[in-house]
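Single-structure report; data block below.
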Amino acid sequence: MSNIAEAFKNGKAFIPFITCGDPDLDTTRKVVLEAVKNGADLIELGIPFSDPTAEGPVIQAANERALKGGVTTDSIFGLVRELRKETSVPMVFMTYANVVYSYGAERFISSCRDTGMDGIILPDLPFEEKDEFLPVCRKYSVDLISLIAPTSEGRIAMIAKEAEGFLYIVSSLGVTGTRSEITTDLDSIVKIVRENTDIPCAIGFGISTPLQAEKMAGISDGAIVGSAIIKLLDRYKTEAPSYVGEYVRSMKEAVRRVS
């Protein structure tokens, strides 16, 4: 059983996304620990990138703030080393293929293994091109996590059959960001996933309220939230950890209602 599987073993998972270095790495560390203390089952850590094509304005702005603050991939690996002294919660990176390329794929993925990261999500990596990274990921026992979007249609079964870690189901067309309503037929997508793999799946993009999280966890194995957390960080900055902790607790309580 991979460490990622641990996130789903006790019912529905709540998965927060946090941009590393926004507003600084020490605050990121405190936010992660508060999230874990308040029930987060798996942490997505965003490595800032100058052209985050999957992100809406909220997370784009967080990327810009972090990069202006001088955060680097090396400093983020240092953050993970520090976090691993304090928590064993499953953690994955969310970043872009160019970040991995520029660092060196083998160096990046071996560093994931060495620092205790469990997986990576590359939203700009087409499924058909994942073999550029998959052999190295398997060499170092780092899960390469696939995404399924509303546009995946006839490819859902194929992606599900080859899934590792967990499947990230994108709730809506477009970029990340809070949405008042999610209208995608997610039940049909999850049905195909269930028919083709035992790997858990969680839904992200557009989720911000406990009611939305409860609904998405009722359909899948968990809910992923990013922009709503980044808004708290933007508003409260270095004072954000306790506010994020309260938010995570409310969202975890929501997904627990359908566990």
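Just so it is clear, none of the values below were taken in a lab; they were calculated from the coordinates. What you see is a predicted model, and the numbers here were worked out from it, not measured in a lab. A quick note on method: Cβ atoms are made from the backbone with ideal geometry, for glycine too, and the neighbour counts reach across all protein chains shown.
Quick rundown of the values:
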item	result
Translational diffusion of the chain, µm² s⁻¹ [Kirkwood Rh, Cα pairs; Stokes-Einstein; 37 °C; 0.692 mPa s]	183 µm²/s
The chain, relative contact order in percent, only Cα pairs under 8 angstrom and at least six apart counted	26 percent
Full-stretch length increase - K68, E129 - with 0.36 nm per residue and alpha-carbon distance subtracted	18.8 nm
Environment charge of A254, counting only residues whose C-beta is closer than 12 Å and scoring Lys/Arg +1, Asp/Glu -1	+4
Spatial separation of Cα centroids for region 1-50 and region 75-139, in angstrom	14 Å
Lysine pairs meeting the criterion (Cα under 27 Å, 8 or more apart or interchain), as found in region 13-256	27
Three-way shape label, region 196-259, alpha-carbon gyration tensor, a/c 1.5	prolate
Low-density loop positions, chymotrypsin sites (Phe, Trp or Tyr not before Pro), region 80-152 - DSSP coil, at most 16 other Cβ in 10 Å	Y140
DSSP-loop trypsin sites (Lys or Arg not before Pro) across region 48-144, with at most 14 other Cβ within 10 angstrom	R84, K85
Fraction of antiparallel bridges per DSSP, region 13-256 only, in percent to nearest 5	0 percent
